[in-house]
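Down below is the structure, laid out as structure tokens.
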Amino acid sequence: MLKKITLLFFALCTSVITAQSISMTDSGLFETGANATWNTIFTAALTTDGVATSSLAQTVVINITDLADGTTFRIYKTLEDPTKADFTQIGDLTVGENTITVPAVAWNRNVKFQFSGSGSIKFDSFSHNGVVLYPFQEFECEETTIGESNLIVSQDDDAYPYYLSAAVKDEGANKNTAHSFEMNITCLPPGGATYRIYKTNSAGNDINCCVAALTEGVFSKTVAAVAWDRNLRFQFSTANIGFSSLSVNGSDVLGLEDVNSSVINIHPNPATDLISISGVDNIKSIKVYSILGSSEKEVFNTNQIDISELSSGIHIIKVDNGTVTTKKIIKQ
């Protein structure tokens, strides 16, 4: 899977703001819907976010610089009966700052802000629940970030595109025990970032829960033990989370100091058996570790290693030729 790196990384945690008018169509914040009138949509909350997030009040603040006469908005929100929806919140839009709030409820729901005008509304600022989404803000951080780290896996999920795997129900041990995660966060993007827990229940169904905002400093989360084997992932909303240390179940995860090395190539990767190392000479040793730091295999004075006996999933490989370089490999 390709990592979705959309912002720039420089030397310090700062932001650069470019404020100019942009249309809804060109902003990339909206999608086009099928309704003939309110056909430009901003999605504020989904049931997949979990009730702790989707039930909250949803507020959009947009500073409009240009729009056609008679342009309006409409709110789509699902009711406590998820098969039913409410469309009664409708209002006019004007040039200048418009604040639209959908009140909180007690149930899990979908909330979408729908706009007329076929995407032609122009604005120079847009925020959702206090998070500035436009003008776009470039992110800069001196530490390793979620998007850069080979210890974090990317996935096809627009809301939470990165995760750290803590347990895989069909592989390894400790699939039903408690799992803890700790990260020393050094930088966050201007719009903030959140985490989410993904896990499977006793029936094998997917559960997403426990969404919360991240803050700079030491962040920790523990997921309680259960009576069944399960999948468990700690998921992140953005690539732009800088961190200086990372541990799972009290063990430091390896390789933060050099996960970005591009000198050494490992091929094939993913692999089922034999892998080769290229781009470096005079290899003294190749060591393979689990993602939690347990030593699994070591070979000497060769540029190849057989990983056929390792469990499927992510492993860390350290290549020593006088300088130790760390890479991520995936065993299929």
Among the residues of the range 163-172, is any within 30 Å of residue 249 (Cβ to Cβ) and modelled with pLDDT of 85 or more? yes
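So is residue 81 over 28 Å from the mean Cα position of the chain (by Cα), closer than 14 Å to residue 106 by Cα and either assigned by TED's automatic domain parsing to the domain that holds residue 103 or polar (S, T, N, Q) (or both) or not?
Values: over 28 Å from the mean Cα position of the chain (by Cα): yes; closer than 14 Å to residue 106 by Cα: yes; either assigned by TED's automatic domain parsing to the domain that holds residue 103 or polar (S, T, N, Q) (or both): yes.
Answer is yes for this residue.
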Take the residues of the range 1-38 that are among the aromatic types (Phe, Trp, Tyr) and at pLDDT below 50: which is farthest from the chain's Cα centre (by Cα)? 10
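Just need a number here: residues in the range 286-310 that are in contact (Cβ under 8 Å) with a residue 24 or more places away in the chain and within 25 Å of residue 147 (Cα to Cα). Can you show your working first?
Going through the range 286-310, the residues in contact (Cβ under 8 Å) with a residue 24 or more places away in the chain turn out to be 286-293, 303-308.
Add one more test, that the residue is within 25 Å of residue 147 (Cα to Cα), and what stays is 287-293.
Adding up the residues that qualify gives 7.
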Run residue 37 past the list (1) in contact (Cβ under 8 Å) with a residue 60 or more places away in the chain; (2) under 29 Å from residue 237 (Cβ atoms) and report the number of the one that doesn't hold. (2)
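Please go through the range 175-203 and pick out each residue that is touching a residue at least 12 places away in the same chain (Cβ under 8 Å), over 19 Å from the mean Cα position of the chain (by Cα) and surrounded by fewer than 18 Cβ atoms within 10 Å (Cβ to Cβ). Full working, then the answer.
Here is the first cut: in the range 175-203, the ones touching a residue at least 12 places away in the same chain (Cβ under 8 Å) are 175-202.
From what is left, the residues that are over 19 Å from the mean Cα position of the chain (by Cα) are 175-179, 201-202.
Selection gives 176, 177, 178, 201, 202.
Has the range 47-55 got any residue that is of a type in the set (S, T, N, Q), farther than 25 Å from residue 161 by Cα and surrounded by 12 or more Cβ atoms within 10 Å (Cβ to Cβ)? Give the derivation first.
Of the range 47-55, the ones of a type in the set (S, T, N, Q) are 47-48, 53-55.
Those left that are additionally farther than 25 Å from residue 161 by Cα: none.
Looking through the range 47-55, none of the residues is of a type in the set (S, T, N, Q), farther than 25 Å from residue 161 by Cα and surrounded by 12 or more Cβ atoms within 10 Å (Cβ to Cβ).
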Which members of the range 87-109 meet the condition of being of a type outside the set (A, V, I, L, M) and assigned to a strand (DSSP E or B)? 91, 92, 96, 97, 98, 99, 101
Checked the range 109-137 for anything in contact with a helix residue (DSSP H, G or I) (Cβ under 9 Å, 6 or more places away or on another chain) and among the β-branched types (Val, Ile, Thr); matches are 111, 121
Counting only residues in the range 66-86 that are acidic (Asp, Glu) and assigned to a loop (DSSP other than H, G, I, E, B), the one surrounded by the fewest Cβ atoms within 10 Å (Cβ to Cβ) is identified as 69
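Based on what the data block shows, is residue 127 assigned by TED's automatic domain parsing to the domain that holds residue 79 and under 17 Å from residue 43 (Cβ atoms)?
Details: assigned by TED's automatic domain parsing to the domain that holds residue 79: yes; under 17 Å from residue 43 (Cβ atoms): yes.
Yes, satisfied.
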Is it true that residue 98 is touching a helix residue (DSSP H, G or I) at 6+ places or on another chain (Cβ under 6 Å) and either assigned by TED's automatic domain parsing to the domain that holds residue 43 or at negative phi (or both)? no
Just one of the numbered conditions (1) in contact with a Leu (Cβ under 9 Å, 6 or more places away or on another chain); (2) more than 14 Å from residue 208 (Cα to Cα) is not true of residue 194; which one? (2)
Taking residue 106, is it touching a helix residue (DSSP H, G or I) at 6+ places or on another chain (Cβ under 9 Å) and at pLDDT below 85? no
Within the range 112-136, restricting to residues that are closer than 17 Å to residue 101 by Cβ, buried (at least 20 other Cβ atoms within 10 Å of the Cβ) and among the hydrophobic types (A, V, I, L, M, F, W, C), the one that is modelled with the lowest pLDDT is 126
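The values are calculated or read from the model by the stated rules, or taken from the named source; none is laboratory data. Keep in mind that this is a model prediction, so the values were computed, not measured. As a convention, Cβ positions derive from the backbone with ideal geometry for all residues, glycine included, and neighbour counts pool all protein chains shown.
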